[in-house]
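The values are calculated or read from the model by the stated rules, or taken from the named source; none is laboratory data. Because the structure is a prediction, the values reported are computed rather than measured. Cβ sites come from the backbone with ideal geometry, for glycine too, and all protein chains shown count toward neighbours. Calculation scope for accessible area: heavy atoms of the full protein, side chains included, ligands and nucleic acids excluded. Shrake-Rupley method; radii C 1.70, N 1.55, O 1.52, S 1.80 Å.
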Amino acid sequence: MPWLKRARALSILAIAAGAMVLPWESFARHAPEPAPPPPPAPAGPVALPARTLADAAAYQAFMERVGAASPAFTGAANVAQTLKDAAAYEPVALVRDAVAYAAIAALQDQTWVNALREAGNSPENRRLMAGYIMADGRYALMFKGADGAAGLAREALASGAMKLFLTGKAVRQASYDIQHQAWSKADVAARPARLAMVEAEGRSPLPDAPDHIAALQQAETGAAPMGVRADPLASPYTPLVAAAVQLAAVAALGEASDELYDRLAGLAADRDTNTCLHIARLNLNQCLAVAKPNYEDVFCTGQHAMMDTGACLVRNAGLSVPVEPPVIGPEVKFVARRITPVPAHHARRARKR
């Protein structure tokens with residue numbers, strides 16, 4: 001019958017179609033799951049910009065060189081070299097370099113560094129965090145271990161500066177002690193040129209110290225300890241300490257690229273410290289302008305180039321220097337005046353009145 005033939009043909013076609021579809025359905029059921037997306041790119045190494053690292057090295061070398069100055073002067077050449085070394089800084093550059101050095105000290109707190117890096121678990125998070133930190137340094141203080149990082153930063157700032165202050169005190173005392181040596185009473189050679197040199201040094205950055213960079217680079221990554229030890233420091237922090245922690249936080253995230261050097265260097269701006277250092281330099285220049293014998297140059301170097309500079313950094317790191325009594329420089333001369341005793345009868349008359 002025709003209808004039976006048609007039904008039989010349709011059945012055969014359906015069976016054939018099923019035979020064609022079933023293998024694809026079976027393949028779909030047994031296909032492997034799609035691969036998960038790759039993990040976020042890891043953070044870059046803990047590091048400061050290359051120029052910031054060079055700034056820190058310059059500061060460390062300056063503090064070591066001037067802080068180790070000997071007060072045992074033997075001639076005018078010794079005095080001139082010590083003055084040149086101690087005066088070789090421009091205030092804004094000195095503050096910037098000091099903050100860079102203190103930031104490396106802050107990076108020694110691994111608890112804080114690890115907390116930052118754990119929070120920055122993706123490139124997007126790290127970029128956002130770095131932006132928040134640069135906009136407001138208080139964000140860096142929210143992470144575990146921030147008080148330890150701040151304590152290390154303050155110690156790095158204050159320890160070298162205190163040594164500079166105490167060395168300057170010894171140099172200032174030498175200005176009195178050496179006056180029995182004939183050379184110390186001779187006039188400084190080429191006084192105007194010496195003053196011009198010191199004024200020029202006040203407009204220049206700290207001398208480069210490439211020999212200090214490798215060790216600091218090891219310290220910033222945690223490969224070698226920096227040797228700074230300090231107890232955790234509770235807030236509030238001085239602007240210098242806060243800036244060092246702020247800079248270190250960006251470095252801990254691996255986001256302190258060389259392209260950000262200028263912006264990161266701007267974090268170190270501190271009006272109070274800059275003003276203090278400018279006053280120290282102004283006093284140094286004024287002292288040298290009136291100094292004549294060599295021992296007076298020794299006084300100017302010890303008091304203004306060293307003690308005043310060290311005191312500015314110590315105080316703005318949040319610590320105090322030893323209290324100093326008022327000091328009159330050797331350049332101030334006193335003339336003894338004979339006092340005539342008052343006759344007894346004049347004294348009696350004065351009492352009666």
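Placing Glu155, Glu64 in order of accessible area, with the largest value first and a 1.4 Å probe, yields Glu64, Glu155. Within straight-line reach of Lys163, meaning a Cα separation under 13 Å, sit the following aspartates and glutamates at least 8 residues removed in sequence or on another chain: Glu64, Glu155, Asp308.
When you count the other C-beta atoms within 10 angstrom of each residue and take the mean per peptide, 119-127, 82-90, 270-278 line up highest first as 82-90, 270-278, 119-127. Rounded to whole numbers, the Karplus 3J(HN,Hα) couplings from phi for region 303-320 are 6, 9, 6, 10, 5, 5, 5, x, 5, 4, 6, 4, 5, 7, 8, x, 10, 10 Hz, using 6.51 cos²θ - 1.76 cosθ + 1.60 with θ = phi - 60°, and x at Gly and Pro. Per-peptide packing, taken as the mean over residues of other Cβ atoms within 10 Å, places 107-117, 220-230 in the sequence 107-117, 220-230 from highest down.
In terms of the mean number of neighbouring beta-carbon atoms within 10 Å, the peptides 170-180, 190-200 order highest first as 170-180, 190-200.
When all protein chains stay in place and ligands, DNA and RNA are ignored, the 1.4 Å accessible-area order of Lys169, Lys185, largest first, is Lys185, Lys169.
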